[in-house]
Each structure stands twice: as structure tokens, then as C-alpha cells.
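A short worksheet on the structure shown next.
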Amino acid sequence: MFVLIIIMYVPYLYLEKVEKKIWIFILPITLCFFMIYILENEDLFERISMIILIGLFISNLLYLYFFSFTIKNIELQNEKNELYRKLKIAQNNYNNTFDFLHALIHDSHSIDMYFKNKEYEKAENVFCVMKKEIIEKFNIIYTGNTALSTAICNINLGNTTIQHFVQCNTEEFNDADLTIFFINILNNLIEDNEPIIYVSIVDIGLNKAISIKTNLAHDFSTVERDNHRFIKKYNLKVDKEEKKITFLHLNPK
């Protein structure tokens, strides 16, 4: 009986966010010691067996209550983290858009001033630089995939260049999930000072493959670990090479 009670309460020890609910153990621990004592006295055990059963019933009700309460807290924390990630994406998108428009307005103002001062050569030079930057920016963010484009807009590329090849849609994935997936991967590789990142989304028969290729050798263990929830949710198969990682989504049909 003592072993049974301990087994019943072991899972509670491994729950996250239990905080200061240790007092919940007072009743079961007291019952354990009490049962050790009364098991040596059969007459006493028979007289108070009902009390023991009631005590066990109450303690398990309390256990189930706090178990469900803790699980609910964990779910709320996950929702909070998800909302925080979405807000961060929105904030980064705003900042990048603001910086781009601010630079565009500044260059337009410079061109206008050069024209007024009849410095046409300087105006042409600024216009050519501005045109080149706009085209480069457009080519970077226009990937043909909403999630990948959003991810690129919400990270600091630094000196990293991203090249992309999108052959098919990604309707199997939720856009928010896929965006976070790409942000996790790109940020990880950028932090490793990767100069060029190649992203491809292609059909392989009835299946779909998302491949990330790099110039430098990577372990890719961190990339896989940071996206384990995405991989598990969409039941992806992962193939890692020295300079490439591929996520394969198998067609269920």
C-alpha cells in the first residue's frame, strides 16, 4: 500500500510550475506513516480503514485538481509565448518597413535638392543607388512564399545573403508556424556567420521538401532542436548533411 501511494504521487514531482504547492504532500505523507504504524496492529487497522479510504480519496481529488490546474497554467504560458512571438514579428516588420521608407524619403529629398540646385549628375547618382537598393530589397523579400518572405523581413541579415527557389506552395503548413520555422533557422545560421543561405521549397513526387543549404559546414542539431515542435506537428522527416538540412513532408494519400 505504501508503495502504491508513492507511485501515485511520483508524477506530481515532475510537473512544471508546481511552485509552492508542496503542502499538498502533507496528507499523503501523513497517511503513509500512519498506515505503517497501523499495519502492525490488525485490530486498529480494521477500525479505521474507512478513515484511510476517505483520506486517500480526498488526497487524490486534491492531486487531480492541482494536476489540471498546472496543466492549464502550462497551456496558458504556451499561448502567451506564441502571442509574444507574433507581436515580435509584427514589431520587426514595422521597424524594417519604417527604416526602408525613411531611407527612401531621405534619398528622394536629396534628389529633389540636387535638381533645384541644377546638380543633375549628383541627382542621377543618388537615383541610381536608390533604384539598385530598391530592386535588391524587392528581390530578397519577394520569394514567392508568404512565410519565407515574412521571415526574411523580420530578421537582421547583416552580411548574410539569402537566395531562394520556390517551386510549389506550402498549403500543408500553417503560415504562422512556417514563418516561425524559417525565422528560427535563418537566425541560427546568421548567428554562425553564414555568408550565403540557400532556401528551396520543391515537390518531390507527391511529397514536399524544404531544404536549407549553406556555404559553411554545420552540425544542424541546434536547427533541428529549435524546430522540434514544428517537425513533430507536421510529422516531418529530417535529413542532415554537412552543408544541408532537408525537411520532408510526406503526402498522406
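The values are calculated or read from the model by the stated rules, or taken from the named source; none is laboratory data. Just so it is clear, the structure is predicted and the values come from calculations on it, not from any experiment. Each accessible area value is taken on the protein alone, full model and side chains, heavy atoms only, with ligands, DNA and RNA left out. Shrake-Rupley method; radii C 1.70, N 1.55, O 1.52, S 1.80 Å.
Please report the accessible area of Ile210 (heavy atoms, 1.4 Å probe, ligands and nucleic acids excluded) in Å², nearest 10.
Ignoring ligands and nucleic acids, Ile210 comes out at about 0 Å².
Collect residues whose amide H, placed 1.01 Å from N in the peptide plane, falls under 5 Å from the amide H of Val166; neighbours closer than 5 in sequence don't count.
It is Ile201, by chain and number.
At 1.4 Å probe size, put His164, His228 in order of accessible surface, largest to smallest.
His228, His164
When the solvent-accessible surface of protein heavy atoms is calculated with a 1.4 angstrom probe, in what order do Tyr114, Tyr142, Tyr120, Tyr234 fall, highest first?
Tyr142, Tyr120, Tyr114, Tyr234
Can you run phi through the Karplus equation (6.51, -1.76, 1.60; θ = phi - 60°) for the stretch 172-183 and list ³J(HN,Hα) in whole Hz, with x for Gly and Pro?
Taking θ as phi minus 60°, the curve returns 5, 10, 6, 4, 5, 4, 5, 4, 5, 4, 5, 4 Hz for the stretch 172-183.
Let me cross-check Ser68: its accessible surface, 1.4 Å probe, with only protein heavy atoms counted, in Å² to the nearest 10?
Its accessible surface works out to 60 Å², give or take rounding.
Can you give me the relative contact order of the stretch 144-252 as a percent, contacts being Cα pairs under 8 Å and 6 or more apart?
Relative contact order here is 25 percent.
At 1.4 Å probe size, put Ile71, Ile180 in order of accessible surface, largest to smallest.
Ile71, Ile180
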